[in-house]
Every structure is written in structure tokens, then in C-alpha cells.
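What follows is a single structure, and I will ask about it in a moment.
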Amino acid sequence: MKQQNLAIFASGNGTNAEEIFKYFKDHHSISVKGLLTNNPKAQVLNRAARYDVPGFTFNREDFRSKHHILEVLHQWNINTIILAGFLWLIPEYLIHRFQDRILNIHPALLPKFGGKGMYGKHVHQAVLDSGQEESGITIHLVNDQYDRGRIIFQERCPIDSQDTLDTLAEKIHKLEHVHYPRVIEQWLSME
Ligand code: GAR
């Protein structure tokens, strides 16, 4: 299998990012080269440091002016981008440069409960409010619209009448942690 160098983009806590750091720590052909975040206070930066993954923080302007980000990705020799709780829309220049090489995880069964503003607990609240009997996770390729790229994996979980925002969030996080690293590995191994 060809060597794959990953960059993780995350905005917050970073439990998914941490599972990815852990899973690929001693992997023979997949390596996490860096963590990029728009949030200098994000807990994910501490998680990255614990796994010796270098962190890079950027602001809106850096993100828009493509040279900044592309330069960092070039320095780390990145060929695949993994979004793990990253909340900004991916700009056109990144989509163009990493065509079909950006993966995202979404905490519901797309195409339902996706789109702008639908992240984290907002998603779980919308799922609960609409009386669904199940939810789940979706791993998909990223294009220029929020949550509309090609779906490569979904897993479901039942919702019961006792579920609250917190219990549903916990169920979904568990599913994400089990599947996201494994699906990334499988997807990359098909090349
Ligand atoms: C995850 O549940 C992920 O699916 C979600 O943010 C959470 C981040 O948790 N992403 C989105 O909602 C994207 N629309 P984490 O920081 O603990 O990994």
C-alpha cells in the first residue's frame, strides 16, 4: 500500500481526532502528519500534542488566502484530509487540490439532518425533535456544499424513549470512535 499522509482538521474537543491519532500511531503505511484548527483554545490541540502530532492554528483570513494552508499541507506532504468535528465550510481551493481526498464524519444519517449550522448537539436535538426511531453516523467525501458529498459508510443506532441529548450524543460518539479510523484505513487501502 502506498504511503498516505493525513492532516486532521478539527475545531473543538477532538475525541474523534484522538481515536485517529491512536489508531494510526504505529501504522505501516498511514501516518497522521498534523492537526489544523481554527480554534486556538481547542482541546484537540492538547490531544494532538500527547501523540506528538504537530498542531497549526489558523484564522478566517489564513483559511481564505489559500497560500497559508496549502503551504502547511505541502510541508507535511499531505495527500488526504480528514475532517473530525471541523465546523467551517471547506473552500473551493482545497476541494480542487484534494479532489475526492477529503473525508468528513457527520453525527446523523445523511441526507437527513445535514447542512449549514447542523453540527454536534444541534444535529442530535433536531433528530430528537423530529421523533426519529433511529439515528447513526455518516462518513462521506467532501464537496463544496455542507454534507452533500458521496456517502461511503453509514451505521445506525436505535433511539429509545428515554434518550436525551446527552445519551444520544454518547451513543453516536461511541459509533464514531469505533468506525471512523477503520473506515479511513479501508478507504485508503483500496487505492
Ligand atoms: C462529532 O460527533 C462529529 O460527527 C461532529 O462533531 C463532533 C465532534 O466531536 N461533526 C459535525 O457535526 C459536522 N457537521 P469530537 O470533537 O469529540 O470529535
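The values are calculated or read from the model by the stated rules, or taken from the named source; none is laboratory data. The structure displayed is predicted, hence computed values, not measured ones. Positions of Cβ are backbone-derived with ideal geometry, glycine not excepted, and every protein chain shown enters the neighbour counts.
Kindly indicate whether any position in the stretch 17-28 is of a type in the set (D, E, K, R), under 30 Å from Gln162 (Cβ atoms) and touching a Pro at 6+ places or on another chain (Cβ under 6 Å).
The answer is yes, given that some residue of the stretch 17-28 is of a type in the set (D, E, K, R), under 30 Å from Gln162 (Cβ atoms) and touching a Pro at 6+ places or on another chain (Cβ under 6 Å).
Enumerate the pairs (first residue in the stretch 13-24 and in contact (Cβ under 8 Å) with a residue 12 or more places away in the chain and farther than 13 Å from Ile172 by Cβ; second residue anywhere and among the aromatic types (Phe, Trp, Tyr) and assigned to a helix (DSSP H, G or I)) with beta-carbon separation below 8 Å, excluding pairs fewer than 6 apart on the same chain, so at least 6 apart or on different chains.
So the pair list comes out as Glu19/Tyr180; Ile20/Tyr180.
Residue-by-condition table, conditions (1) within 15 Å of the chain's Cα centre (by Cα); (2) away from the ligand (no atom under 11 Å from the Cβ):
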{"site": "Gln3", "(1), (2)": "no, yes"}
{"site": "Ser29", "(1), (2)": "no, yes"}
{"site": "Ala48", "(1), (2)": "yes, yes"}
{"site": "Ile81", "(1), (2)": "yes, yes"}
{"site": "Gly85", "(1), (2)": "yes, no"}
{"site": "Leu89", "(1), (2)": "yes, no"}
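Which numbered condition trips up Asp62, out of (1) surrounded by fewer than 19 Cβ atoms within 10 Å (Cβ to Cβ); (2) in a loop (DSSP other than H, G, I, E, B)?
Every condition holds for Asp62 apart from (2).
Of the residues His68, His74, which is more than 10 Å from the ligand (Cβ to nearest atom) and at pLDDT below 95?
His68
If you go through the stretch 145-184 one residue at a time, how many are in a strand (DSSP E or B) and either of a type in the set (A, V, I, L, M, F, W, C) or within 13 Å of the chain's Cα centre (by Cα) (or both)?
Residues meeting the conditions: 4.
Exactly one of (1) surrounded by 19 or more Cβ atoms within 10 Å (Cβ to Cβ); (2) more than 14 Å from the ligand (Cβ to nearest atom); (3) aliphatic (A, V, I, L, M); (4) not in a loop (DSSP other than H, G, I, E, B) is unmet by Val53. Its number?
(4)
Can you work out which of the residues in the stretch 117-144 that are part of a strand (DSSP E or B) and more than 10 Å from the ligand (Cβ to nearest atom) is surrounded by the fewest Cβ atoms within 10 Å (Cβ to Cβ)?
Glu134
Let me ask something else about it. Within the stretch 156-191, take every residue that is of a type in the set (D, E, K, R) and touching a residue at least 60 places away in the same chain (Cβ under 8 Å) and give me the one that is surrounded by the most Cβ atoms within 10 Å (Cβ to Cβ).
The qualifying residue surrounded by the most Cβ atoms within 10 Å (Cβ to Cβ) is Glu176.
A follow-up question, please. Please determine whether any residue of the stretch 37-49 is under 29 Å from Ala169 (Cα atoms), touching a strand residue (DSSP E or B) at 6+ places or on another chain (Cβ under 6 Å) and part of a strand (DSSP E or B).
Within the stretch 37-49, one or more residues are under 29 Å from Ala169 (Cα atoms), touching a strand residue (DSSP E or B) at 6+ places or on another chain (Cβ under 6 Å) and part of a strand (DSSP E or B).
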